[in-house]
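Chemist: Below you will find the structure I want to go over with you.
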Amino acid sequence: MPIYALDDRTPTIHPDAFVHPDAVVIGDVRIGAGSSIWPSAVLRGDYGTIIVGERTSIQDGAVVHAVAQFPTVIGDDCVVGHLAHLEGCVIHDRALVGSGSIVLHEANVFSGATVAAGAVVRNRMDVPANSLAVGVPAQIKPDASSEQLISASAALYVQNAQRYKKELRQL
């Protein structure tokens, strides 16, 4: 699998994490226990630090980047959907970032919040706990997210990663 050091920046991947062979991890990237990085996802910590907590999934084609002044931090039990783009933001525990969405510098997605598919969370925007961010630019819908659904989705990906670690084989 393509895992690269760059200068003195070296990835740290917990042994219980799953990084698909077609994902790319570069530089100062820290991946916690039970987390999963899926095909074509790119985590590029060349200028800044990327931290992925425990039991978090970074799904197919997602791009996670950081710049020196803004690390990208993704908490525990999070789901980052297919083709999402995260850069210099903080995704708090038990949050979901939907497929094709964008979360930019200094934005915060708080616990239990959901960024809807295709939404754009602009620089310095906060998505409050249990809220839904929808649209371009994102608008907030209070109390429209389900932390229980997010936790269930995160747990499903933990199970799927274990299946992949045991059963995936190239033909």
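Chemist: Using Cβ contacts closer than 10 Å as the measure, can you line up 57, 146 from fewest to most?
Modeler: On the way: 57 28, 146 15.
Least crowded to most crowded, the residues run 146, 57.
Chemist: Now, a different point. Kirkwood Rh and Cα-based Rg: tell me the resulting Rg over Rh for region 62-127, rounded to two decimals.
Modeler: Values: Rg = 10.0 Å, Rh = 11.0 Å.
We get a ratio of 0.91 for region 62-127.
Chemist: Taking H as built 1.01 Å from N, whose amide H comes closer than 5 Å to the amide H of residue 36, not counting residues under 5 places away?
Modeler: Those qualifying (amide H under 5 Å, at least 5 residues apart or on another chain) are 18, 56, 57, 58.
Chemist: What distance in nm separates the simple spin-label points at residue 22 and residue 166, each placed 7 Å from Cα in the Cβ direction?
Modeler: 2.3
Chemist: Can you sort 124, 94, 9, 169 so the residue with the fewest Cβ neighbours within 10 Å comes first?
Modeler: Numbers: 124 11, 94 25, 9 16, 169 4.
Arranged by neighbour count, lowest to highest, 124, 94, 9, 169 become 169, 124, 9, 94.
Chemist: Any chance you could give the angle, 0 to 90 degrees and rounded to 10, that helix 147-167 forms with the longest Cα principal axis of the chain?
Modeler: Roughly 10 degrees between the two axes.
Chemist: Most exposed first by the Cβ proxy, i.e. fewest other Cβ within 10 Å, how do 28, 93, 16 rank? Walk me through the numbers on the way to the answer.
Modeler: Details: 28 23, 93 20, 16 16.
Ranking 28, 93, 16 by Cβ neighbours within 10 Å, fewest first, gives 16, 93, 28.
Chemist: Only Lys, Arg, Asp and Glu count, each charged at its Cβ (+1, +1, -1, -1), so figure out the dipole size of region 65-131 about its Cα centre, rounded to 20 debye. Show your work: numbers first, answer last.
Modeler: Values: 3 positive and 6 negative charges, 36 e Å.
Dipole size: approximately 180 debye.
Chemist: List every residue whose amide H lies under 5 Å from the amide H of residue 51, counting only residues 5 or more places away in sequence or on a different chain, with H placed 1.01 Å from N in the peptide plane.
Modeler: Under 5 Å from the amide H of residue 51 lie the amide H atoms of 30, 72, 73, 74, each far enough along the sequence or on another chain.
Chemist: Here's a follow-up. Under the 0.36 nm per residue contour assumption, what length would be gained going from the current alpha-carbon distance of residue 136 and residue 14 to full extension? Numbers along the way, then the final one.
Modeler: Details: separation 122, 0.36 × 122 = 43.92 nm, distance 3.56 nm.
Extending this stretch completely gives an extra 40.4 nm.
Chemist: Between region 1-61 and region 127-150, what is the C-alpha centre distance in whole Å?
Modeler: What the calculation gives is 26 Å, centre to centre.
Chemist: Under the Karplus relation 6.51 cos²θ - 1.76 cosθ + 1.60, θ = phi - 60°, what is the ordered set of whole-Hz ³J(HN,Hα) values for region 119-132, x standing for Gly and Pro?
Modeler: Rounded to whole hertz, the list is 6, 10, 9, 6, 3, 6, 8, 10, 9, x, 3, 6, 9, 10.
Chemist: Dipole magnitude of the chain about its Cα centre, charges +1 at Lys/Arg Cβ and -1 at Asp/Glu Cβ only, in debye to the nearest 20?
Modeler: Details: 12 positive and 17 negative charges, 63 e Å.
The dipole magnitude comes to about 300 debye.
Chemist: Tell me, what HN-Hα J-couplings in whole Hz come from the Karplus equation 6.51 cos²θ - 1.76 cosθ + 1.60 at θ = phi - 60° for each residue of region 50-61, using x for Gly and Pro?
Modeler: Result, rounded to whole Hz: 10, 10, 10, x, 8, 6, 10, 10, 10, 7, 3, x.
Chemist: Farthest toward the dipole's positive end in region 3-167, which of 42, 66, 151, given Cβ charges of +1 (Lys, Arg) and -1 (Asp, Glu) about the Cα centre?
Modeler: Going by the charge dipole, the pick is 151.
Chemist: May I pose another question? Residues with amide H under 5 Å of residue 6's amide H, sequence separation 5 or more or different chain, H placed in the peptide plane at 1.01 Å from N; which?
Modeler: Under 5 Å from the amide H of residue 6: 27.
Chemist: Among 142, 11, 39, which one moves the most in a GNM of the chain with springs linking Cα atoms closer than 10 Å?
Modeler: Highest fluctuation among the options: 142.
Each reported figure results from applying straightforward, stated rules to the coordinates on display, with no laboratory input. It should be emphasised that the depicted structure is a prediction, and the values quoted were computed from it without experimental measurement. When we count neighbours, we look across all protein chains shown, and the Cβ atoms used for this are built from the backbone with ideal geometry, even at glycine.
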